[in-house]
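Enquirer: Quick one: the structure is below, questions incoming.
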């Protein structure tokens with residue numbers, strides 16, 4: 001893979017798909033030690049990319065849930081006739 005391609009961060013789906021392919025290739029065997037190490041290192045990078053995407057999604061989800069909770073509390077306080 002070219003350095004320019006590695007520099008661009010793939011989407012979560014693309015990284016996950018490529019990671020699954022790396023795992024299949026490693027599990028199939030028949031590779032030299034050098035090839036196996038290169039694939040392992042690529043897999044580690046792809047796993048890190050996936051984790052970054054997932055962590056970003058967790059942060060966005062937590063923020064959305066917090067906003068929703070704040071809105072619900074504000075509505076409950078304002079809707080009471082008493």
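Enquirer: Go through 36, 80, 69 for me and flag whichever is at pLDDT below 90 and either under 30 Å from residue 16 (Cα atoms) or surrounded by 10 or more Cβ atoms within 10 Å (Cβ to Cβ) (or both).
Expert: The unique qualifying residue is 69.
Enquirer: For the range 2-31, name all the residues that are farther than 27 Å from residue 57 by Cβ, outside any helix (DSSP H, G or I) and modelled with pLDDT under 95.
Expert: 2
The values are calculated or read from the model by the stated rules, or taken from the named source; none is laboratory data. What you see is a predicted model; the values in this text were computed from it and never measured. Because the Cβ atoms are built from the backbone with ideal geometry, glycine has one as well, and the counts that use them run over all protein chains shown.
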